[in-house]
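Asker: Supplied in structure tokens, the structure appears directly below.
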2 protein chains.
Amino acid sequence: MEETDLKEIVANIFYLIEQRDEPKLKNILVDMHPADIADVLERLDEESRNWLFSLLNPDDASDVVVELEDVPREDLIEDLDTERISEIVDEMDSDDAADVVSELPDEVAEKVLKSIDDQDREEVEELLRHEEDTAGGIMALEFIAVNENATVDEAIRQIRQKAEEVEEVYNVYAVDDKDLLVGVVPLKKLILSSPSLQVRDIMNRDVVSVSTDMDQEKVASIVRKYDLVSIPVVDAQGRLVGRITVDDIVDVLHDEAAEDLHIMAGITEEEMPQETSTLKISRLRLPWLIVAFIGELVSAYVLSQFEASLHEIVAVAFFIPIIMAMGGNSGIQTTTVVVRGLAAAPESFSIGLKSLKRELKVASFNGAIISILIFVVVASWLHLPSLGLVIAIAMMVVILNAALVGATIPFLLKKLNYDPAVATGPFITTSNDVLGLLIYLSLATAYMHWL
Amino acid sequence: MEETDLKEIVANIFYLIEQRDEPKLKNILVDMHPADIADVLERLDEESRNWLFSLLNPDDASDVVVELEDVPREDLIEDLDTERISEIVDEMDSDDAADVVSELPDEVAEKVLKSIDDQDREEVEELLRHEEDTAGGIMALEFIAVNENATVDEAIRQIRQKAEEVEEVYNVYAVDDKDLLVGVVPLKKLILSSPSLQVRDIMNRDVVSVSTDMDQEKVASIVRKYDLVSIPVVDAQGRLVGRITVDDIVDVLHDEAAEDLHIMAGITEEEMPQETSTLKISRLRLPWLIVAFIGELVSAYVLSQFEASLHEIVAVAFFIPIIMAMGGNSGIQTTTVVVRGLAAAPESFSIGLKSLKRELKVASFNGAIISILIFVVVASWLHLPSLGLVIAIAMMVVILNAALVGATIPFLLKKLNYDPAVATGPFITTSNDVLGLLIYLSLATAYMHWL
């Protein structure tokens, strides 16, 4: 739906909510796509949102919940009673049901699981056994699989039988007698093949699959690499246990990108642009500001230790911002590229050493150019060529140090099982500031003593 | 393919390239997925890469080129002669062919277009008429469409007829007698429907489509919102003209995310982690370092104008880093959230005003906390409560100013048709530094005069 249409509808719905006009609202909702209803809910205040949501029958409510972004979904479900949650979960695909249940407080989750259909409960419990951010954590148990000896006609009958349960079908998976995944048949191929042929004769044996414990980011990179619309998930023995569809991969890519951007900006988790509560926003942003605050207090302490030097040549202070900025900016460039490289390939000592060498080479080159520029400026502007030389040397050392720190910290973080992307945030910038100032003022002081 | 397997294969291929062992290499390549061959090529040096690529027949070469990332693809094609490019382009889907041709120098592009099949040329020329980053620019002309009055059986025959040309089929589109898009039938539905039914009786009439001139980022957000595997593209009259598949949308999402990260880090365009040329890397990074350099020279000039004040109370200089850092960090938080909001919704004066108000509220709250903290530190550490008060007030003004700048500049950039994400890079941080120092030192000087 076009943004402008949606705006009009939101305005209309807003008016009808104020009037508490149930019949008209239900009439509008029934014609809307669940994703559009989710969009509308995300723009309403809490009370209107909850009331409007209460008008939806369990089936529609379930479709809408699946379409909500993580943060508004958690907010909405927090306000529902256990019975309503059970109704909604009962209508969901196994992967979505598991997502919702995993976000519930333990006692509510238990009640919900007890009240839903037995088979659904088993499926959800099965899925909850996997880590949230792995293939097992995002896969669904709804898929079409047939024995490789089945005929095309039998495969089509299987699709018909499971038509309600498995909404989106792009491929039929072929398994052997031990349930091991052995092939894949795209629907197009199935349509074009003679009904009496065996699946084993038309299947593609080079089927790309992932194991349940693979990290979701890695799964996404495989789906992207091989241009897949769905990917089968196998257990440690190679038995087919689930399927991940590309819409979930698109969400993974979106979430991981959002996460990286937020970390880089010093925001602890995804902040929705439509969030209006100052307290909630501050809770996401203040922690990193405090980290930077404490770090820069150390900077202030470093400067205070060099009070005598600053007093002697005030001009030294003029270049504090430029030293900080060049170290900070070149450090962020290094860390961003190194972190992206780490996301694409596994960390290893040799790759680490290679990217460190590469970054030191780039820093030497860029540092040399910036150092020459700063020398020219200080020498010609302040007519202090020897101070210019000291500042230029300090600039070079600071930029090299930023590359050294920027290329090694992400590896250390990954080795310690932290997200290397943290290195692109205020944490590293702040440490760079402290180290940069220490280097700069030490060299400047040494120069004064030598004078 | 697993990363470890790929590493072994790369090592093996590397050895065979040194031996110039054509037969063995061809034997290995024939069993590899094009995406894996692309992966290997991206890890080789230029000479080995070109030689290995020359072993591929046009059909395989075409599949491999499609799988390469943008930067290595351009590098590779630069080194090919016109004849080889024509062979490869001839084998591609229309959208990929248009991508490759659009990157060629004009005279080469012309030669290539002249030498390929007439129908292919017309298709590529048709696609090149659209802007690169729009639905028209990323759509392919390969899709299955039937008249709504056709039967299911006729639709299946149409799929069979175009089976070679249209590799991936997930949906059949229904058009009326004027070629206007009127519905969509998923393959699953087609399989399960009786062959004699008419398409109009089984099609979904709520088909989500996009127009040729829609920005690709907007297309991606629609595909993500409605969980689609492909989306039809219509012209201004509503006639079906193309189709975008989800694998291209996944690439759009990946590229846009990479672009944002690079802009934020001050790198002018996507830098591959495997790039090793210092000069090439420097060309991407140095421009923003120079921008920051020039900006911070202004900072130095600002400081020099306050030389007397700095001389009088050196302690004022101690807090330069913390003032810069808090303004910078809170400014980046604001800009990042505002830019993300702008990407999701169209800019309008009322939305701009709303997010400005929201950001000023958050800045008031966070600024107040940081200001109280800095006051406590200065008052208790340096025993200068009145200087502490001045620094606290300056901190508050600097943080409010950062929010003001951070919330308005992205809107201005978008109004002027620049990418608002530029505001998250070194440009804004640097302006914030200059303004922040000006505010801080003006207030500190006023305080000294008032003493």
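The values are calculated or read from the model by the stated rules, or taken from the named source; none is laboratory data. Just so we're clear, the structure is a prediction, and the values are computed from it rather than from any experiment. Cβ coordinates were reconstructed from backbone atoms using ideal geometry, including for glycine residues, and neighbour counts include every protein chain displayed. Just so you know, the surface numbers come from the protein's heavy atoms only, side chains and all, with ligands and any DNA or RNA stripped out. Shrake-Rupley method; radii C 1.70, N 1.55, O 1.52, S 1.80 Å.
Asker: What is the ratio of the Cα radius of gyration of segment B:85-165 to 2.2 N^0.38 Å, where N is its residue count, to two decimals?
Answerer: On the way: Rg = 15.0 Å, N = 81, 2.2 N^0.38 = 11.7 Å.
Ratio of Rg to 2.2 N^0.38 Å for segment B:85-165: 1.28.
Asker: I'd like the orientation of helix A:246-265 relative to chain A: the angle between its Cα long axis and the longest Cα principal axis, in ° from 0 to 90, rounded to 10.
Answerer: Once rounded, the angle reads 20 degrees.
Asker: Using the 2.2 N^0.38 Å rule of thumb for compact globular proteins, work out how segment A:31-109 stacks up: its C-alpha Rg over that value, please.
Answerer: Values: Rg = 11.4 Å, N = 79, 2.2 N^0.38 = 11.6 Å.
For segment A:31-109, the normalised Cα radius of gyration comes out at 0.99.
Asker: Could you tell me how far the Cα centroid of segment A:190-216 sits from the Cα centroid of segment A:136-187, in Å?
Answerer: The distance from the Cα centre of segment A:136-187 to that of segment A:190-216 comes to 8 Å.
Asker: Once the label point is set 7 Å along the Cα-to-beta-carbon vector, what list of distances in nm do you get between B:E259 and its counterparts in the other copies?
Answerer: With the label placed 7 Å along Cα→Cβ, B:E259 yields 2.4 nm.
Asker: Which of the lysines could a cross-linker bridge to A:K114, judged by Cα under 30 Å and excluding same-chain residues fewer than eight apart?
Answerer: Counting by Cα, and skipping residues close in sequence, A:K114 has these lysines nearby: A:K162.
Asker: Ignoring trypsin sites (Lys or Arg not before Pro) that are buried or in helix or strand per DSSP, and keeping those with at most 16 other beta carbon atoms within 10 Å, what is the longest stretch of chain B between them?
Answerer: Counting only loop sites that pass the neighbour cut-off, the longest clear stretch is B:206-451.
Asker: Still on this structure, please answer the following. Which entries of A:K218/A:K354; A:K24/B:K415; A:K225/B:K225 have Cα-Cα distances beyond 28 Å here? Kindly include the intermediate steps, with their values, before the conclusion.
Answerer: Working: A:K218/A:K354 22 Å; A:K24/B:K415 38 Å; A:K225/B:K225 22 Å.
Pairs exceeding the cut-off: A:K24/B:K415.
Asker: Per residue Cα convex hull volume for segment A:22-169, in cubic angstrom?
Answerer: Normalising the Cα hull of segment A:22-169 by residue number yields 132 Å³.
Asker: How long are the semi-axes of the equivalent ellipsoid of segment B:197-305, taking √(5λ) for every eigenvalue λ of the Cα gyration tensor, in whole Å from largest down? Mind dumping the intermediate values first?
Answerer: Values: eigenvalues 427, 56, 24 Å².
Here the semi-axes work out to 46, 17, 11 Å.
Asker: Now a separate question. Is it possible to state the helix-based mean residue ellipticity at 222 nm for chain A, with each DSSP H run of 4+ residues giving -39500 (n - 2.57), the sum divided by total residues, to the nearest 500 deg cm²/dmol? What is it?
Answerer: Values: 23 runs with 310 residues, N = 451.
Per the formula, -22000 deg cm²/dmol.
Asker: In nm, give the distance between the simple-model label positions of B:D59 and B:R205, each being 7 Å from the Cα along the Cα-to-Cβ direction.
Answerer: Inter-label distance under the simple model: 4.4 nm.
Asker: Shape of segment A:2-60 from its Cα gyration tensor (a ≥ b ≥ c, root eigenvalues): rounded if a/c is under 1.5, otherwise prolate when a/b > b/c, or oblate? Kindly include the intermediate steps, with their values, before the conclusion.
Answerer: Working: a/c = 1.30, a/b = 1.11, b/c = 1.17.
Rounded, because the longest to shortest axis ratio a/c is under 1.5.
Asker: Nearest 100 Å², what total accessible surface is buried between chain A and chain B (probe 1.4 Å)? It would help to have the intermediate numbers written out before the result.
Answerer: Values: alone 24910 and 24920 Å², together 39760 Å².
Result for this pair: about 10100 Å² buried.
Asker: Turning to a different aspect of this structure: Quick check for you: with a 1.4 Å probe and neighbouring chains kept, what is the accessible area per residue of segment B:131-255, in Å²? Walk me through the intermediate numbers first.
Answerer: Working: 5320 Å² over 125 residues.
Computed with neighbouring chains in place, this is 43 Å² per residue.
Asker: In nanometres, what is the gap between the two model label sites at B:K26 and A:E165, each 7 Å from Cα along Cα-to-Cβ?
Answerer: 4.9 nm
Asker: While we're here: In Å, what Kirkwood hydrodynamic radius results for chain A from the alpha-carbon pair distances? Could you put the intermediate results ahead of the total?
Answerer: On the way: mean 1/r = 0.0378 Å⁻¹.
One over the average 1/r among Cα pairs gives 26.5 Å for chain A.
Asker: In nm, to one decimal, how far is the modelled label at A:E46 from the one at A:D179, with both set 7 Å along Cα→Cβ?
Answerer: Result for the modelled spin labels: 4.5 nm.
Asker: For the protein assembly as shown, just run the numbers: alpha carbon Rg, then divide by 2.2 N^0.38 Å, N being how many residues it has. Kindly include the intermediate steps, with their values, before the conclusion.
Answerer: Working: Rg = 30.2 Å, N = 902, 2.2 N^0.38 = 29.2 Å.
Its radius of gyration relative to the 2.2 N^0.38 Å reference: 1.03.
Asker: Between the chain alone and the structure with every protein chain in place, find the residues of segment A:242-273 that drop at least 40 Å² of accessible area; heavy atoms, 1.4 Å probe.
Answerer: Output list: A:V246, A:D247, A:V250, A:L253, A:H254, A:L261, A:M264, A:A265, A:P273.
Asker: Can you tell me the FRET efficiency between A:Q19 and B:K218 if r is taken as the Cβ-Cβ distance and R0 is 35 Å, rounded to the nearest 0.05? Working shown, then result.
Answerer: On the way: r = 33 Å, r/R0 = 0.95.
Efficiency computed from Cβ-Cβ geometry: 0.60.
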